[in-house]
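The values are calculated or read from the model by the stated rules, or taken from the named source; none is laboratory data. Predicted model only: the values in this text are computed from it and were never measured. So basically every Cβ, Gly included, is an ideal-geometry build from the backbone, and we count neighbours across all protein chains shown.
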Amino acid sequence: MIKYWKFTAIIIVIVFSIGTFYVNSSTSAEQSPTFHIKALSGDEKEITPLIMEGYYVDISSMNIGNSSLAISAKGTTYQSHSFLDQIAGNPPTVIKRLQEKNRAFMRGKNYSEDLFFENKQFLAYADVASSSVKSRNYKFDISVLTKKDDTINSFKLDVPEGKEMDHLLVEDVQIIGDKLYLITHNIISKSRKQYEEKHIYTIDLSTKKMIDHEAIIQFSRIQKHTSIDVQLVRTSLTKTSEHLILLETENKVNEDMESTSDEVVIQEISSYNIQTKEKETINIPGLHLGGNRLSFFDDSIIYFMMLDGQNLLVTPYRLADDTVGQPYNIQLSGEKGTVSEPITTVKDGKLYIASSQMNEDINADVIVADAYTGEILFKGQVALDGSSKDNGNFDLSLFDLFVK
C-alpha cells in the first residue's frame, strides 16, 4: 500500500510543478513588453517575410524567464511557453516551419539547419550516428521526402574509413539532380598524426548507395606558432549551391607572460564545384580580407561585409564572371559613433540587416536593401509598443534572421 502512496505523491508533485510552471509562464508573458517594427522609410511590404529571433531581459529584476521571442511585421511572439520546450529545447524558426509542414518527416530530427536541404522536389536530412565514441562505427542517417507523392525514404550508410575518425560533423546538405551531397568536417587520426579536412560524400538517391567521396581540403589546425582554420561559408537552406566557398585563415599565435593572441597572417578564399570536383583560388583585387567578413554566398554572388564605425561596408563579388561589384555603405544607428555587429542574411537578391542589440541607449535598426546595389528598400527600427509597461532598464538581444 505504501508504494502506491509514494507513486501518488510523485504524480501530485509533477502535476503541481507543471501547473506552477504554466502559471508563472503565463504571468511572465503578460508582464513582458511587446515590440514592433517602426517604419521610417521605404515599402513596409519588404519586411512581411522577415522574422527576427532573440531574447529580452529585464535588467532591473534580472527576470530572464520566458524571454525567448520573435519579432516580425505582425508584432512580438514569446516562444518559450511549453514545459516540454524548456526540457527539449526550442527549435529555430526555420525548423519550426519545417515541422509544421512536414510533421511525420521531421519527427526525431536534430534541430540544426545545416542538416537539411529543401527545394520544390525534395526535403532532405542527413546526420551522423555512432553506436559509441570508442567504436567509431559511424553511419550517415539519411531521410529524403519526395514532395510529389509524399513518400519518405530513410536509410543508413557506413562512413568510409570511419574507424580512423575522431569526429565527424555534417556541415551542409545539397541535392543536384538525383545525387545527394554531404559536406562534412572530419577530424582524423592516422599513423599517430591528427589532421582535419572538409570532405564531400556523393550518394545516388535511386540506388541509396554511396558512389564517391573525397577530401576537399586537408589541414593541421595547430602548428608551431600558427593556427589554421577553414570555414564553409553559409548559404540558403532552400537554394541549391553548385559551388562551395571555403575561407582558409592562418593565424600567428603571439604569446607573452600574461596572454595569448592571434594575428591574421594569410586568408585565402577558394571555390569548389560539387559536380566537377574542381577547386580554384579566388583572388579579388583591392579587397583586404583582414577587415572584411565573408558573410554569405547565394551560388552566384559572394558578399563581403565590414563594420566601419556606424557604416556597414558591403562588397559583392560575382563568381560566374569574376567581377567585383561597386562597394556600398549602409548607415546604422549606434551609441557614441559605434554599433554592435549586425546580423545579416541574403535571400532573392535582397540584403536583410538587423541590429544585434537594443536598450534604452541603443536603437535597433531593421533594413532591407538591394543586395548588389545597396539601394535601401525599407528602413525602420524596433520599437516598444505603446501599451507595454517598461522602465527602460532592459536589454533586447537579436541573434538570428529568418526570411520566409
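The table below gives the values:
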read-out	value
Search result, residues across segment 266-323 that are among the basic types (K, R) and at pLDDT below 85	R293
Qualifying residue in segment 52-62 (condition: part of a strand (DSSP E or B), charged (D, E, K, R) and modelled with pLDDT under 90)	yes
Criterion violated by E248 - all others in (1) in a strand (DSSP E or B); (2) among the charged types (D, E, K, R); (3) at pLDDT below 70 satisfied	(3)
Extreme residue, surrounded by the most Cβ atoms within 10 Å (Cβ to Cβ), among residues of segment 295-306 that are not in a loop (DSSP other than H, G, I, E, B) and not hydrophobic (A, V, I, L, M, F, W, C)	Y303
Residue match in segment 40-48 (condition: basic (K, R), modelled with pLDDT of 90 or more and either touching a Lys or Arg at 6+ places or on another chain (Cβ under 9 Å) or part of a helix (DSSP H, G or I) (or both))	yes
Counted residues, segment 105-123 - those being touching a Lys or Arg at 6+ places or on another chain (Cβ under 8 Å) and over 22 Å from H185 (Cβ atoms)	5
Pairs with Cβ under 7 Å, 6+ apart, first in segment 46-59 and touching a residue at least 60 places away in the same chain (Cβ under 8 Å) and in the same structural domain as I353 (by TED's automatic domain parsing), second assigned to a loop (DSSP other than H, G, I, E, B) and among the hydroxyl-bearing types (S, T, Y)	Y55/S67; Y56/S32; Y56/S67; V57/S67
Strands (runs of 3 or more DSSP E) within segment 96-157 that include 1 or more residues within 24 Å of K209 (Cβ to Cβ) and polar (S, T, N, Q)	122-130, 138-146
Scope segment 120-152; condition surrounded by 15 or more Cβ atoms within 10 Å (Cβ to Cβ) and either polar (S, T, N, Q) or touching a helix residue (DSSP H, G or I) at 6+ places or on another chain (Cβ under 7 Å) (or both); matching residues	L123, Y125, A126, D127, S130, R136, Y138, S143, L145
Residue check, F155 in the same structural domain as K179 (by TED's automatic domain parsing) and either surrounded by 18 or more Cβ atoms within 10 Å (Cβ to Cβ) or of a type outside the set (V, I, T) (or both)	yes
The listed residue being touching an Asp or Glu at 6+ places or on another chain (Cβ under 8 Å) and farther than 21 Å from Q121 by Cβ, out of L232, L246, L237, L205	L232
Count of residues meeting criterion [assigned to a loop (DSSP other than H, G, I, E, B), modelled with pLDDT of 90 or more and surrounded by fewer than 16 Cβ atoms within 10 Å (Cβ to Cβ)] in segment 370-404	2
Test for L182: is it out of contact with any Lys or Arg (no Cβ under 8 Å at 6 or more places or on another chain), hydrophobic (A, V, I, L, M, F, W, C) and either in the same structural domain as S271 (by TED's automatic domain parsing) or in a strand (DSSP E or B) (or both)	yes
